[in-house]
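**Student:** Pasting in a structure now, in structure tokens, and then I'll have a few things to ask.
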Amino acid sequence: MLNNDILRQVRYALDLRDNQLPVLLRDGGLDPEGVDFRALLAREDEEGFRPCNDKVLAALLDGVIVLRRGRRADAPPQPLVGRLSNNLILKKLRIAFELKQEDVQQLLADAGLLMTESELGAFFRKPGHKHYRECGDQVLRNLLRALSAKLRPAA
């Protein structure tokens, strides 16, 4: 799943305006100077499209955490080290929207994707753990779709 798609879905779910995106990026620990949000929000086949890199998406998701839950004085935003995986995106969404495992399970069920507790729990384990499992695009896509439907039921 493209980072741009995730960015668009989160923006839609939270009904964010263009002027809020730089604030989220700054809250996530990244300077928004030079980031062209219009190009990041464009679709692949549109003119001016530019792929969203992992660093920008991670900072925006951290900004969403600050927006939804508030800033923690004891834990400043940490820069992304390595690649932004679907598992890490799932974790950040879970934190931002204060979702328990049962909530995530219900959202996925609402989207038509049934998962057991152990299947879902494997996504939140550390890489290298014997029960760790990669989160696929389908799981992330369905969660984002269900989250949008929950937050914007009339839309």
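**Student:** Which one is surrounded by the most Cβ atoms within 10 Å (Cβ to Cβ) among residues in the range 93-113 that are in a helix (DSSP H, G or I) and charged (D, E, K, R)? Walk me through it before giving the result.
**Tutor:** Filtering the range 93-113 down to residues in a helix (DSSP H, G or I) leaves 93-96, 101-110.
Narrowing further to those that are charged (D, E, K, R): 94, 102-103, 110.
Working: 94: 17, 102: 10, 103: 14, 110: 15.
Filtering first and then ranking leaves 94.
**Student:** Answer yes or no as to whether residue 31 is more than 14 Å from the chain's Cα centre (by Cα) and within 24 Å of residue 149 (Cβ to Cβ).
**Tutor:** Against the criterion (more than 14 Å from the chain's Cα centre (by Cα) and within 24 Å of residue 149 (Cβ to Cβ)), residue 31 does not qualify.
**Student:** Tell me whether the range 138-155 contains one or more residues that are in contact with a helix residue (DSSP H, G or I) (Cβ under 6 Å, 6 or more places away or on another chain) and hydroxyl-bearing (Ser, Thr, Tyr).
**Tutor:** Looking through the range 138-155, at least one residue is in contact with a helix residue (DSSP H, G or I) (Cβ under 6 Å, 6 or more places away or on another chain) and hydroxyl-bearing (Ser, Thr, Tyr).
**Student:** When residue 135 is evaluated against the numbered criteria (1) surrounded by 13 or more Cβ atoms within 10 Å (Cβ to Cβ); (2) in contact with a Ser or Thr (Cβ under 9 Å, 6 or more places away or on another chain); (3) more than 24 Å from residue 52 (Cα to Cα), which criterion, by number, is the only one it fails?
**Tutor:** Tallying (1) surrounded by 13 or more Cβ atoms within 10 Å (Cβ to Cβ); (2) in contact with a Ser or Thr (Cβ under 9 Å, 6 or more places away or on another chain); (3) more than 24 Å from residue 52 (Cα to Cα), residue 135 fails exactly one: (3).
**Student:** When you scan the range 42-53, do you find a residue that is at pLDDT below 90 and not assigned by TED's automatic domain parsing to the domain that holds residue 140, even just one?
**Tutor:** Here is the first cut: in the range 42-53, the ones at pLDDT below 90 are none.
The answer is no, given that none of the residues of the range 42-53 is at pLDDT below 90 and not assigned by TED's automatic domain parsing to the domain that holds residue 140.
**Student:** Can you name the residue in the range 114-126 that is without any contact (Cβ under 8 Å) to a residue 24 or more places away in the chain and part of a loop (DSSP other than H, G, I, E, B) and, of all such residues, is surrounded by the fewest Cβ atoms within 10 Å (Cβ to Cβ)?
**Tutor:** Only one residue tops the list, namely 126.
**Student:** Residue by residue through the range 31-69, note down the ones that are among the hydrophobic types (A, V, I, L, M, F, W, C) and free of Cβ contacts under 8 Å to residues at least 40 places away in the same chain. Talk me through it step by step, then tell me what you get.
**Tutor:** Quick first cut of the range 31-69, residues among the hydrophobic types (A, V, I, L, M, F, W, C) only: 35, 37, 39-42, 49, 52, 56-61, 64-67.
Within the range 31-69, 35, 37, 39, 40, 41, 42, 58, 59, 65 meet the criteria.
**Student:** Let me ask something else about it. Can residue 85 be described as of a type in the set (Gly, Ala, Ser), more than 16 Å from the chain's Cα centre (by Cα) and surrounded by fewer than 17 Cβ atoms within 10 Å (Cβ to Cβ)?
**Tutor:** For residue 85, the condition - of a type in the set (Gly, Ala, Ser), more than 16 Å from the chain's Cα centre (by Cα) and surrounded by fewer than 17 Cβ atoms within 10 Å (Cβ to Cβ) - is not met.
The values are calculated or read from the model by the stated rules, or taken from the named source; none is laboratory data. Remember, predicted model here, so these are calculated numbers, not experimental data. Using ideal geometry, Cβ is built from the backbone for each residue, glycine included, and neighbour counts are taken over all protein chains shown.
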